[in-house]
Amino acid sequence: MTTVQDIRDRTGDDPITMLTAYDTPTARIADEAGIDILLVGDSMGNAVMGYDSTLPVTVDDVASRTGAVARGTADALVVADMPFLSYGADEADAVENAGRLIREAGADAVKLECGPHTVGLTERLVNLGIPVMAHVGLTPQRINQLGLEQQGATAEAAAEIESLAETHQTAGAFSVVLEHVPDEVAADITAALSMPTIGIGAGDATDGQVLVVTDVLGLSENVPPFAEQFGDVAAEMRSAIEGYRDAVVDGSFPGDD
Ligand code: KIV
Ligand code: NA
């Protein structure tokens, strides 16, 4: 069993592998493949729910899919994303929503897209026994303000991101996702922090990497420039489904026996 403590100590030469998952069979395969952390990301909105952003994803959506992932996982740490507006407005609601993802759905930790407003919340959740993974740089829940642009391109912006990561470390976060920031910024932040950094579009100096599973598998329609496709599962699915359809149409399925 991978624990939050295992991950907190994994800085340096033994890269952390993190991948999103949204369903039981995918979680089982990723877990058996030795992925350290399964993230039930709000990227489910784009990846498997047909939305064009993460904003419509609800706590019910994340809870349902976290349950499915947790039931397929034996070894990996399961981290559930707190979706848009499920935190940051009212602290009691945020605690209740995070609690649902842990208590009902079976997540081991939650992830928050960070701002100055999530420092106190991180401390509160950690004090209550809910481990927190921070997320800085590009935070797609702010798509209407940031777009999907790289963040931290100027020295001031980079310093702000680093300081946000540091305040969340002090508040008790056990790790941080750095999304779509320049490689040197990710390297500087990784050197400055004692908790591990997990990068996406952040170069190779971070303590780990994360990707969206549909991008890795070749199931995504729109792939960000920093993602990498490691297979063509869409072609396999098309071939299996067409094979089934053709066999019914031509009468070869079901056969006599
Ligand atoms: O929702 C997600 O998949 C994420 C990762 C890209 C870090 O937040
Ligand atoms: Na996310």
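Couple of notes before you dig in:
- Candidates Gly67, Gly129, Gly34, Gly41, filtered to the one that is loosely packed, with under 15 Cβ neighbours inside 10 Å and either under 26 Å from Ala234 (Cα atoms) or at pLDDT below 95 (or both): Gly34
- Of all the listed residues (Tyr51, Tyr22), the sole one being of a type in the set (Phe, Trp, Tyr), buried (at least 23 other Cβ atoms within 10 Å of the Cβ) and within 15 Å of ligand 1 (Cβ to nearest atom) is Tyr22.
- Here segment 86-118 is the region considered, the condition is being away from ligand 1 (no atom under 15 Å from the Cβ) and hydrophobic (A, V, I, L, M, F, W, C), and the residue that is nearest to Val177 (Cα to Cα) is Ala98.
- Test: residue in segment 192-201 that is small (Gly, Ala, Ser), free of Cβ contacts under 8 Å to residues at least 60 places away in the same chain and either surrounded by 18 or more Cβ atoms within 10 Å (Cβ to Cβ) or under 23 Å from Val126 (Cβ atoms) (or both): yes
- Checking each residue in segment 126-143 for being in a loop (DSSP other than H, G, I, E, B), of a type in the set (A, V, I, L, M) and more than 11 Å from ligand 2 (Cβ to nearest atom) picks out only Ile130.
- Criterion (surrounded by fewer than 16 Cβ atoms within 10 Å (Cβ to Cβ), without any contact (Cβ under 8 Å) to a residue 40 or more places away in the chain and more than 14 Å from the chain's Cα centre (by Cα)) met by exactly one of Asp6, Asp61, Asp13: Asp13
- Test: residue in segment 162-182 that is in contact (Cβ under 8 Å) with a residue 60 or more places away in the chain, touching a Ser or Thr at 6+ places or on another chain (Cβ under 6 Å) and assigned to a helix (DSSP H, G or I): no
- Flag if Glu149 is more than 16 Å from ligand 2 (Cβ to nearest atom), without any contact (Cβ under 8 Å) to a residue 40 or more places away in the chain, of a type in the set (D, E, K, R) and within 28 Å of Gln5 (Cα to Cα): no
- Single residue of segment 64-102 satisfying the filter (within 16 Å of ligand 2 (Cβ to nearest atom) and in a loop (DSSP other than H, G, I, E, B)) that is farthest from the chain's Cα centre (by Cα): Gly88
- Residues being charged (D, E, K, R) and within 14 Å of ligand 2 (Cβ to nearest atom) - total across segment 43-63: 1
- Selection within segment 106-121 - within 16 Å of ligand 2 (Cβ to nearest atom) and either in contact with a strand residue (DSSP E or B) (Cβ under 6 Å, 6 or more places away or on another chain) or within 18 Å of Val59 (Cβ to Cβ) (or both): Ala107, Ala109, Val110, Lys111, Leu112, Glu113, Cys114, Thr118
- Inter-residue pairs, beta-carbon under 6 Å, first touching a residue at least 40 places away in the same chain (Cβ under 8 Å) and in a loop (DSSP other than H, G, I, E, B) and in segment 35-57, second surrounded by 22 or more Cβ atoms within 10 Å (Cβ to Cβ) and hydrophobic (A, V, I, L, M, F, W, C), 6+ apart: Ile35/Leu19; Ile35/Ala76; Asp36/Ile16; Asp42/Val57; Ser43/Val212
The values are calculated or read from the model by the stated rules, or taken from the named source; none is laboratory data. Since the model is a prediction, treat every value here as computed from it, not as a measurement. Counting neighbours? That spans all protein chains shown, and the Cβs are built from the backbone with ideal geometry, glycine included.
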